[in-house]
Every structure is written in structure tokens, then in C-alpha cells.
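Notes follow the structure.
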Amino acid sequence: MALRLYDHDEQQSSAAASSASCGPSRWSWSSQNVILLVATACTVALVTTLLCVFLVSSSNARGDDGGLSGSSEGIPFALDVLSSNLTSGGTLAEMLSVKLTPFVTSGLSKPWSFCFIPSSGGQMLVTEFAGALKLVSNTGSVLGNVSGMPTVAVYRQGGLMDVAVDPQFAANRRVFLTFSEGPQTPEDAGKVGTAVMSAVLANDNLSLSNVQVIFRQQPKLDSGAHFGSRVVPFRRDGPSSGPTVLYVTLGERGFANLAQDNSTHIGKVVRIMADDGAPAPGNPSFSNPAALPHLFSTGHRNPQAAALHPTTGLLWLAEHGPQGGDEVNLVLPGRNYGWPIVSYGCDYGTPLSQSPGCRYGGALGVHHNPPFTPPIAYWFPQSIAPGGMTFFRASGLAPPGFAAWEGNLFVGGLAGRSLWRLVLANDKSPNGSITPTVRWHQRLFSTEHEIRDLRQSPFDGLLYLVAREDNRIYRVDLA
Ligand SMILES: [Ca+2]
């Protein structure tokens, strides 16, 4: 079984990406596949058992209290791309039989993200990497381009990326987009950086006005790598009060060491006011006096998936590791998530057979010890290249039949070409004071599509996925 490198590059061909998946398609079983899978599963079970024994012993040896806010930092949950084609844990009743139904089948080119427009009957805005914003009807037809978009500096992994609506959209019709922005000063010639714009969407949903760039990642860099980026709006004082605030997840642009430099926005999550991009009141303080006031957390590599927990309102994200080491993190104020000092992944070019010794930071026992916050879960030995995530709300929103998915976290994979369902425990403590854990997981739609983003519709309660390489959006239905 050949291992391959994957730098999560937007330019990777779909053929190259397809080789990252090793399991058979769930729709094409054969007895040979079953025998192979059982043999692989048995081998992996043995390896996993041995690894768990090692993890527990090394964890006990260091006391593993993490020393962080009195919390019990549990052992991160390891997700294995090579073996977990189906399910690890859970009962048969908890497995839903689901299928992908094509929703948008034409009129899109390299879609990156989408969001549902409130009070529209189910229309959506879809970003295309090259810079267009498309309006899609509630039956999946592309209705046209939304006018008024700014110029996007398309450069390798950077283009037009995320889109989100203001929680107060009914009152202000405001939308937010992230994109790769070109130089704004002579000194920045040849450099690009992630930026956030806000705009007002016209009543017909086909044009933008009052377009403003409210935040620019500093510094701009001569790099086409690791832009992030997700913009996650919320109301500062609760679900229905206070001004709108934005979390923005920002990649390290290929300059890994800057993720530990708090005088930059490189490899950080920032928390800013939606009106003008100013640092939000209550942001954490950092020991470095030069730390920028926008910072919320540090030490991230390329966070390209993010979502608010539906109960706690806390931010979760998934970020790309190097070779292996993609992470799911609960993002708490002032925390350092370790990149590039520690990671469960190894550097490119290093044979993964040398894992765990080749991991950033060395052997297993020293990973993500304080002052670094460990992930809730990580993938190894290969990467899935997380492309989007959402928490699923079944009660009061999804159709009957989806109850087993209540509160589950779904993460899409580009390299992993599948949808990962993580069933959580201890994830509802208001301040994250109890470390969440993954109880078990399920891998859906293995080998089918590179998932660039996923959202749950507030209109029909179903999950929708952007599959970038086939220029489609799919809906997840019960089979
Ligand atoms: Ca980390």
C-alpha cells in the first residue's frame, strides 16, 4: 500500500488525490475486498492496541493533566485514514444508511464554499476559487453571478474562499467573504495575503454594495501556500444579542515559524469586530508585548475548516498537518496549538515508516505538552486535508431519521475524499473546562469526492457538500 505526500495544494490533480484513499468504495463490495478489509482491520487493531498501551503508559508517565486551566487534557483520538474505511465503534442503530444526491450539477467552476441565504426559501451563495460569487436557487440551478465583487489575487492555493452571512442578516443583509488580496502598498509588491470583506447583499441576491475590506492578514508574503481561511460570525453577547463578531482562521502561508510569532497574523485565529475589523473587546492577552490585539489563538498551520459548537458557542476548527497530523481543535482564548514546535505529523520527504520518531517535537510523550494545547483528534499516518466542518443539529431541524446524528461533528476531506463523522463526549462544558473526547467515528462516502466544504441547511435540515473536482454540490439524504 503506497504512501504518498500531499501538500493540500489547490493545484493537485484529482487523479493524484484519488490515490490517497485506500479503502474500497462502499458501493462496490466484493469478497476479495471484504477479506482484504478484515485482514487490514485485524492488523490495524493489533497495532492500535499496542499503540494505545504505549500512549496510556507514556501519558501516565507524564501525569497528563496538561496543566491547563485545571482541565484534564485527554489523549487525542487517533483517526487512521488507511484502516477506518467504515466504522470504529457505535451500534448498528446509530449507523444511518445515507446517500449523496446531486444538487448543483452544472454552472459551477471550482467551487470553494457556500452558505444559505436566510429567508430566501433555500437559495445559496457559492464562491468560486477564481473570484466569482454565484447565486443558486433552492432547486440547485445557478441563477447568475453576484455583481460587485472585488478583485481577487488568485495565486496557487489563494483565491476567493469562504462566505458567511451575518447573524443579523434579516436587519442588515450583510455577508462576509475571505479572499487572497494583492499588494496594497509598493513595499508589498509581489506579495499576497488573506483578507476579509463585508458587503450588503441586494434584495434580489444578485448584487453587492458597500463592499469594504475590513481585515488584512499581516504581513503579506510572497507565498502561494496556506491561506486558511474561514470566517465564522457570531453575536458577542449570546445568540440574539450584542454586535456581530468574527472569528477568522488564518494559515501560516508556508512560513511555519511565524505561527509562533505573535507580532503577526500568520498561523493564527483572530477575533474581530464585524463593523470595522477592530480587535474585539475581551480578546486574550499574550506575554509578548508586541502581540497583535486581534489574536485569539496561535500555533496553527492551515485551518481550513471551522464551526461554532451549537450548545457552547465555542469555536472548533480542523487544520491541515504536514504528512499526517491533521487536527481537530477546540479553540480556546490565548491557547497555543503548537505548530511547528509539535505535531502528530512528519515533515515532507520523511518516510512515514519512521513515525512516530519523525514527528515534529520528537517522540510521542513530548507532544503537545504545556504550553501547547493538544488536538481533540488527529489523523495519521496520512492526511485527509480537512476542507470544511459542521456540527449536525437533528432536533427541531433535520428530518425524522437523522436523530442519531444529533450533535455529531462532520469533517470533510480533500485528500481523504470522504466525510468523517465524529461522535463526541464531554463537549458541552461552557468554557471548554472539561476536555471533549471522541467516543467513536464513522467514515462515509469513502473514495468518492474531494470535499471542499459542508453546511447544514437551515431550510430542510440536510447536509450539503461541495465536491470541488467535479464542480458539484451534493445533498446527503437517507438511502
Ligand atoms: Ca497542534
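Readers should treat all values here as calculations from the given coordinates under stated rules, not as data from a laboratory. Because the structure is a prediction, the values reported are computed rather than measured. Don't worry about glycine lacking a Cβ; one is built from the backbone with ideal geometry, like all the others, and counts go over all protein chains shown.
On a full-extension model of 0.36 nm per residue, what is the gain between ASP460 and ASP477, subtracting their alpha-carbon distance, rounded to one decimal in nm?
5.0 nm
Look at the alpha carbon pairs under 8 Å that are at least 6 residues apart: their mean separation over the length of segment 149-294 gives a relative contact order of 18 percent.
Considering every alpha-carbon pair of segment 239-388, the percent of pairs per 5 Å bin, from zero through the bin containing the longest distance, is 2, 10, 18, 23, 20, 13, 8, 4, 2, 1, 0. Only the Cβ atoms of Lys and Arg (+1) and of Asp and Glu (-1) were treated as charged; on that basis the dipole of segment 77-478 about its Cα centre amounts to roughly 220 debye.
The Cβ shell under 11 Å around HIS309 holds other residues with a net charge of +1, Lys and Arg each +1, Asp and Glu each -1. Calculated on C-alpha atoms, the gyration radius of segment 132-177 divided by its Kirkwood radius gives an Rg/Rh of 1.02. The alpha carbons of segment 312-368 occupy a box of 40, 19, 14 Å along the principal axes, longest dimension given first.
Once the Cα-Cα distance is subtracted from the 0.36 nm per residue extended length, the LEU96 to ASN210 segment shows a gain of 36.6 nm. The HN-Hα couplings worked out from phi for segment 299-308 by the Karplus form 6.51 cos²θ - 1.76 cosθ + 1.60 (θ = phi - 60°) are x, 9, 9, 8, x, 10, 9, 7, 7, 8 Hz, whole numbers, x standing for Gly and Pro. Here, segment 119-278 yields an orientationally averaged convex hull projection of 9.7 nm² when only Cα atoms define the hull. The percentage of C-alpha pairs in segment 139-231 whose separation is greater than 24 Å is 26%.
To the nearest 0.05, what FRET efficiency results for ALA278 and THR185 with a Förster distance of 25 Å applied to their C-beta separation? With R0 = 25 Å, the Cβ-Cβ based efficiency is 0.75. Classify segment 184-300 as rounded, prolate or oblate, taking a ≥ b ≥ c as the square roots of the eigenvalues of its Cα gyration tensor: rounded when a/c is under 1.5, otherwise prolate if a/b is larger than b/c and oblate if not. Oblate is the answer for segment 184-300, as a/c is 1.5 or above yet b/c matches or exceeds a/b.
Among 145-158, 390-403, how do they line up from the highest to the lowest mean number of other beta-carbon atoms within 10 Å? The partial results should precede the final answer.
On the way: 145-158: 18.3, 390-403: 15.6.
Output ranking for 145-158, 390-403: 145-158, 390-403.
Between SER433 and SER141, the contour length at 0.36 nm per residue exceeds the Cα-Cα span by 100.6 nm.
Between the alpha-carbon centres of segment 400-479 and segment 131-169 there is a gap of 22 Å. Across q = 0.09, 0.10, 0.12 Å⁻¹, segment 77-478 modelled as identical point scatterers on its alpha-carbon atoms has Debye log10 I(q)/I(0) values of -0.49, -0.61, -0.91, in the order of the q list.
Legend: calculated FRET efficiency, SER285 to THR151, from the Cβ-Cβ distance at R0 = 45 Å, rounded to 0.05, equals 0.80.
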